[in-house]
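Below is one structure, written out as structure tokens; the observations come after it.
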Amino acid sequence: MNINEADLKKTICSLFPVQGEELTELLYTFTPINYPAKKIIIEQNQVSDQLYFVSKGCMRSYYIDEKGREVTLWLGHEGDFITCFRSWLTRKPGHETIELVEDCKLYSISYTLLQKYAKKYPGVNSFYRLVIEDGFLYWEKRAYMLLFTSARERYDDLITRYPLVMNRWPLGHIASYLGITQETLSRLRAEK
């Protein structure tokens, strides 16, 4: 097992203590993939059929608004499980695109295989449920932050959660994610 597989195993086991045959089968069902920066792994209006674990690199999800602008929905990095959750769960085309911001080492598992192992093994089923719950909690917090907090609070929260965010994601993506202009982002950075 290489270091990246060890990261995947550690993350899975931190969510739920999957062990033995369950863990072995689940780990070897994930496919390792290396993609370059700028690669789009899920397109808007496509059914999200893969769940990805980010072993190395960072990415973002975005949609195109009515004015043709890219609006960043979320930022992902090492240790995250990512997909277009709504599309994954409903099996209908999603409204977001997922693009790699850096070169990435990912592990992917298909919807069909994860469902198969979730039915076969209670531990995998619990792991899967917790991944989905974590995704839901992320979106609930994101909605709360956008609706009820100031730009300063959103910025401070982002810096606390992702200390290296300014070094890894383009400032336009960060500003869009925070729901502010690049000028406001520059002002918030200067005030620190």
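Bear in mind that the values in this text are calculations on the coordinates, not laboratory data. Values in this document were obtained by computation on a predicted structure and should not be read as measured data. FYI the Cβ positions are ideal-geometry reconstructions off the backbone, even for glycines, and counts take in every protein chain you see.
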Asserting the computed 222 nm helical MRE of the chain (DSSP H runs at least 4 long, -39500 (n - 2.57) per run, divided by residue count, to nearest 500) equals -15500 deg cm²/dmol
Here the gain from full extension of Thr184 to Ala6, 0.36 nm per residue of separation minus their alpha-carbon distance, amounts to 60.1 nm
Candidates for Cα extents along the principal axes in Å are (i) 46, 43, 32; (ii) 53, 33, 33; (iii) 50, 37, 30, and the calculated one carries label (ii)
Ordering 91-98, 27-34 by per-residue average of other C-beta atoms within 10 angstrom, highest first, gives 91-98, 27-34
Of 40-47, 137-144, ordering from highest average Cβ density within 10 Å down gives 40-47, 137-144
Note: Lys56 to Gln115 extended length (0.36 nm per residue) minus current alpha-carbon separation gives 18.7 nm
Once phi for every residue in region 97-108 is put through the Karplus expression 6.51 cos²θ - 1.76 cosθ + 1.60 (θ = phi - 60°), the whole-Hz ³J(HN,Hα) values, with Gly and Pro written as x, are 10, 10, 10, 7, 8, 10, 4, 10, 10, 10, 10, 10
Once the in-chain neighbours fewer than 8 apart are removed, the aspartates and glutamates whose Cα is under 17 Å from Lys119 read Glu21, Glu22, Glu25
Descending packing, highest mean Cβ count within 10 Å first, for 48-56, 109-117 is 48-56, 109-117
The alpha-carbon center of region 45-114 and that of region 131-192 are separated, in whole Å, by 18 Å
In debye to the nearest 20, the charge dipole size for the chain, taken about the Cα centre with +1 at each Lys and Arg Cβ and -1 at each Asp and Glu Cβ, equals 120 debye
Given pairs Lys9/Lys105; Lys9/Lys56; Lys56/Lys120; Lys10/Lys56; Lys39/Lys105 and cut-off 18 Å on Cα-Cα distance, the over-length ones are Lys56/Lys120
Computed over the chain, the relative contact order (Cα-Cα under 8 Å, seq sep at least six) in percent reads 25 percent
